[in-house]
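Engineer: Please read through the structure below; I'll follow up with questions.
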Amino acid sequence: GRFLKRLLDGAQPMEGHHLTARTAWASREACARASVYEGSEVELRSFLTRLRAPSPRQLLDSLGLRPEAIPELRALLEDVEASGAPNQIAGDRLIDFVLERRFLIDKVVARSRDRRRRLVQHLRAVAGPSTGPVLIVDVGWGGTIVESLQRMLDAEGEALSLHGLYLLAHIGSAGPLLRAVPVEGYLGDCGFIPFDIAAVTGNPE
């Protein structure tokens with residue numbers, strides 16, 4: 001993102017047009033941590049849908065849970081770590097444990113809400129007084145971040161519209177587009193034959 005900002009800062013502006021590029025700190029992980037609205041099974045298990053499943057401690061950190069403050073959870077964490085189970089299996093056990101306890105779900109939802117508010121405050125500060133469209137410039141691929149940010153802004157009652165401009169977007173950006181989140185790619189977008197850009201668009205991780 002900072003590299004793309006350097007390109008934008010150094011570009012010759014078109015006559016009558018001027019772009020102001022600012023750095024917004026919004027990673028996929030930051031967006032995931034701020035996107036637990038209900039504490040549903042789908043939301044919680046999404047943290048395991050990675051190229052490499054997070055370790056048990058990384059998973060709990062993403063959920064905003066401190067095992068040292070919850071004896072039952074600490075005991076389970078020690079058990080799954082001692083078992084040497086693959087991260088995916090260990091993560092499923094931890095998610096099952098959380099889903100069976102309403103007070104833990106409430107903790108995850110509250111922590112995510114706090115993260116969401118801070119992220120929206122940061123985005124608002126970066127965007128300034130504009131109501132949009134604010135262009136979110138990134139490498140790619142599927143519009144996940146821009147869609148997550150737009151949902152957060154809407155949830156917090158912010159009248160700010162985002163438009164994703166990617167170096168390259170693939171077929172995965174069709175989802176955000178169908179949900180009315182504008183996403184465009186320079187070298188390719190969801191209108192391209194997938195095989196034409198498959199060599200470029202590996203997993204973002």
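Engineer: If a residue must be surrounded by 13 or more Cβ atoms within 10 Å (Cβ to Cβ), touching a residue at least 60 places away in the same chain (Cβ under 8 Å) and within 21 Å of N87 (Cβ to Cβ), how many such residues does the stretch 1-30 contain?
Structural biologist: Within the stretch 1-30, residues that are surrounded by 13 or more Cβ atoms within 10 Å (Cβ to Cβ), touching a residue at least 60 places away in the same chain (Cβ under 8 Å) and within 21 Å of N87 (Cβ to Cβ) number 2.
Engineer: Can you pull out every residue in the stretch 34-53 that is open to solvent by less than 70 Å² (accessible area, probe 1.4 Å) and either more than 14 Å from L99 (Cβ to Cβ) or of a type outside the set (S, T, Y) (or both)?
Structural biologist: A34, S35, V36, Y37, G39, E43, L44, R45, F47, L48, A53
Engineer: Which of the residues that make up the stretch 54-69 are more than 13 Å from E29 (Cα to Cα), part of a loop (DSSP other than H, G, I, E, B) and open to solvent by less than 20 Å² (accessible area, probe 1.4 Å)?
Structural biologist: Within the stretch 54-69, just L65 meets the criteria.
Engineer: Pairs please, first residue from the stretch 119-134 and under 15 Å from S35 (Cα atoms), second anywhere and open to solvent by 60 Å² or more (accessible area, probe 1.4 Å) and not polar (S, T, N, Q), Cβ atoms under 8 Å, 6+ apart in sequence or on different chains.
Structural biologist: From residues that are under 15 Å from S35 (Cα atoms), the pairs are V120/E156.
Engineer: Which count do you get for residues in the stretch 96-126 that are among the aliphatic types (A, V, I, L, M) and farther than 19 Å from A24 by Cα?
Structural biologist: 7
Engineer: Considering only residues of the stretch 1-49 that are in contact with a helix residue (DSSP H, G or I) (Cβ under 9 Å, 6 or more places away or on another chain) and among the basic types (K, R), which is farthest from Q88 (Cα to Cα)?
Structural biologist: Per the criteria, the residue is R22.
Engineer: Among the listed residues R113, R118, R93, identify the single one that is basic (K, R), in contact with a helix residue (DSSP H, G or I) (Cβ under 7 Å, 6 or more places away or on another chain) and open to solvent by 30 Å² or more (accessible area, probe 1.4 Å).
Structural biologist: After applying the criteria, what remains is R93.
Engineer: Across the stretch 121-132, which residue is most open to solvent (accessible area, probe 1.4 Å) among those that are assigned to a loop (DSSP other than H, G, I, E, B) and not hydroxyl-bearing (S, T, Y)?
Structural biologist: The residue in question is P129.
The values are calculated or read from the model by the stated rules, or taken from the named source; none is laboratory data. Because the structure is a prediction, the values reported are computed rather than measured. For neighbour counting, all protein chains shown are included, and Cβ atoms are generated from backbone atoms with ideal geometry for every residue, glycine included. For accessibility, only protein heavy atoms count, side chains too; no ligands or nucleic acids. Shrake-Rupley method; radii C 1.70, N 1.55, O 1.52, S 1.80 Å.
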